[in-house]
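The values are calculated or read from the model by the stated rules, or taken from the named source; none is laboratory data. Everything numeric in this text was worked out from a predicted model, so none of it was measured. Cβ atoms come from the backbone with ideal geometry, glycine included; neighbour counts cover every protein chain shown. These accessible areas exclude ligands, DNA and RNA; they are computed on the full protein's heavy atoms, side chains included. Shrake-Rupley method; radii C 1.70, N 1.55, O 1.52, S 1.80 Å.
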Amino acid sequence: MAEYAFFGGQIVPIEQAKISIMTHAFNYGTGCFEGLRAYWNEGQGQLYVFRMEEHYERLHDSSRVLRIELPYTAAELGEITLELLRKEGFRQDAYLRPLAYKADETIGVRLHDLTDAFAIFAVPFGRYLEQEEGAHVCFSSWRRMDDNIAPPRAKITGVYVNSALAKTDAILAGYDEALVLSHNGHVSEGSAENLFIVRGGQLITPPPSDNILEGITRDSIIELAREEMGLETVERPIDRTEVYICDEAFFVGTGVQVAAITQVEHRPIGEGVIGPIVSRLRELYFDVVRGNNDRYEHWCTPVYQRD
């Protein structure tokens, strides 16, 4: 587990990184966050943070939506992250959670005239879905939050209640994950993952207008598919029944990484097993994030200084 956190402007023992029960963000969900992964490469003796700068640029975007002023640039946040990871000394895969939030101990729903705060912690982390090679999913009865309700393109803490409702109902019904529809009936994403389907050798993924998170892993997969496999990705609305008849389907995200969907409710996807395109993308992705592909070394920030 975590031993340290960046809290109150410094790295402190995790036991000291506490907030009050009266904290505004705790009461009203007025915070935003990022999720980053760091991957351990045993052969190199190195830990790599994947696309760190892009994650912190997105945190700045989310903060602007919530009128939170971050006191650090994306580059400075990166340096803080590396310092924290070195303090932890991880020699295994890890997950990082930076948080920007309204820290006042006060009652009253608003975003203005409140104190902003920032914190980071990191924990060892493996799989998000146990069935990465063959997830069994359902369509959720909960609809995806709309941009004019609570913007999904910002990673707002309170918005993830929508995800929690969908996820728990899916798990308790015996599924691995949920697919969530937008207000217009199009497939938006999983409870906390972007979605791709494959039809006729082409990747298809919902557009931002269907209330998806503009995922960094999603962007990475689009580039890897194009540059390494010669596959273009089409961003367009996806109807529910199109998922039933697609050749392959998969989730992507920092947490889920790249996970095949092999069954939707009582219908198999394709042959009901992980397909060739998803298999190849998984191989490419895990090769890249562990720093084993020089072509994408700019995506991987080493934590430990080399001798």
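Just a few scattered comments:
- Normalised contact order of region 117-255, rounded percent, pairs of Cα under 8 Å and 6 or more residues apart: 24 percent
- The helix-based estimate of mean residue ellipticity at 222 nm for the chain, built from -39,500 (n - 2.57) per DSSP H run of four or more residues and divided by its residue count, is -8000 deg cm²/dmol to the nearest 500.
- Region 6-44 versus region 150-186: alpha-carbon centroid distance in Å: 23 Å
- Lys, Arg +1 and Asp, Glu -1 on Cβ, resulting dipole of the chain about Cα centre, debye, nearest 20: 480 debye
- Overall size of region 252-296 from C-alpha positions, given as principal axis extents largest first: 41, 21, 10 Å.
- Overall, the accessible surface of the chain at a probe of 1.4 angstrom is composed of carbon and sulfur to the extent of 49 percent.
- Applied to region 245-259, the Karplus parametrisation 6.51 cos²θ - 1.76 cosθ + 1.60 on θ = phi - 60° returns per-residue 3J(HN,Hα) values of 9, 6, 7, 8, 8, 7, 9, 9, x, 4, x, 6, 6, 10, 10 Hz, with x for Gly and Pro.
- In order through region 143-149: 3J(HN,Hα) via Karplus (6.51 cos²θ - 1.76 cosθ + 1.60), integer Hz, x for Gly, Pro: 8, 5, 4, 8, 4, 8, 9
- In sequence order, calculated HN-Hα J values of region 152-167 (Karplus, 6.51, -1.76, 1.60; Hz; x Gly/Pro): x, 6, 9, 8, 8, 4, x, 5, 6, 4, 4, 5, 5, 4, 5, 5
- Computed over the chain with a Gaussian network model linking Cα atoms closer than 10 Å, the most mobile of 132, 57, 283 is 283.
- When only Cα pairs below 8 angstrom with a gap of at least 6 residues are kept, region 194-307 shows a relative contact order of 23 percent.
- Taking every alpha-carbon pair under 8 Å whose residues sit at least 6 apart, region 24-166 reaches a relative contact order of 32 percent.
- Basic side chains Lys and Arg get +1 at the Cβ, acidic Asp and Glu get -1 at the Cβ, and with that the dipole of region 202-290 about its Cα centre reaches some 200 debye.
- The order of 299, 142, 40 by accessible area, most exposed first and with a 1.4 Å probe, is 142, 40, 299.
- A Cβ-based charge dipole, computed about the Cα centre of region 144-235 with Lys and Arg at +1 and Asp and Glu at -1, lands at about 220 debye.
- Residues considered: 208, 237, 13. Largest GNM mean-square fluctuation over the chain, using C-alpha springs under 10 Å, is found at 13.
- Pairwise Lys count, the chain - Cα closer than 20 Å, eight or more residues apart or different chains: 4
- Net charge of Cβ neighbours under 13 Å - reference residue 200; Lys, Arg +1; Asp, Glu -1: -3
- Accessible area in square angstrom per residue, the chain, 1.4 angstrom probe: 45 Å²
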